[in-house]
Amino acid sequence: MQEKKRRFQRKKVCHFCADKIPFIDYKDVKTLRGFVTDRGKIVPRRISGSCAKHQRELTTAINRSRNIALLPFVGERF
């Protein structure tokens with residue numbers, strides 16, 4: 001039988017904790033775009049690597065920026 005090779009996967013570190021960012025600003029579209037897919041969905045914790053506290057703040061900031069039309073609700077079609 002073949003043996004399956006296991007890869008060591010490094011634990012992702014929260015971007016906001018590492019940079020010691022005090023709060024996530026909803027007007028900072030450049031930062032928020034990194035946590036939204038091209039289809040407009042918010043990237044989950046397991047992929048983004050952010051901690052639970054900052055993921056909740058991130059979701060609130062993205063929703064606020066969507067409401068004042070800084071970010072789209074839906075990604076670009078075609």
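The numbers here are math on the coordinates, done by the rules we state, and not lab data. Please read all numbers here as calculations on a predicted model, not as lab measurements. Using ideal geometry, Cβ is built from the backbone for each residue, glycine included, and neighbour counts are taken over all protein chains shown.
Helix 52-67 and the longest principal axis of the C-alpha atoms of the chain enclose an angle of approximately 40°.
Summarising the label geometry, the points placed 7 Å from Cα in the beta-carbon direction at Arg45 and Gln2 lie 3.5 nm from one another. With 0.36 nm allotted per residue and the present C-alpha distance subtracted, the Asp38-Asn67 stretch has 8.6 nm of extension available. What are the residues whose amide H is under 5 Å from the amide H of Val36, where those residues sit 5 or more places off or on another chain and H is modelled from the backbone? Answer set, sorted by chain and number: Val43.
Over the Cα atoms of the stretch 3-45, the radius of gyration divided by the Kirkwood radius equals 1.14; this is the Rg/Rh ratio. Rounded to the nearest whole angstrom, the semi-axes of the ellipsoid equivalent to the chain, taken from the Cα gyration tensor as √(5λ), stand at 29, 18, 9, largest first. 3J(HN,Hα) along the stretch 20-31, derived from phi through the Karplus expression 6.51 cos²θ - 1.76 cosθ + 1.60 where θ = phi - 60°, amounts to 6, 7, x, 8, 9, 8, 6, 8, 8, 5, 4, 6 Hz, with x in place of Gly and Pro. In percent, rounded to a whole number, the relative contact order of the stretch 21-67 is 49, using alpha-carbon pairs under 8 Å and six or more apart.
If the segment from Arg10 to Lys30 were pulled out straight at 0.36 nm per residue, it would be longer than the present Cα-Cα gap by 4.6 nm.
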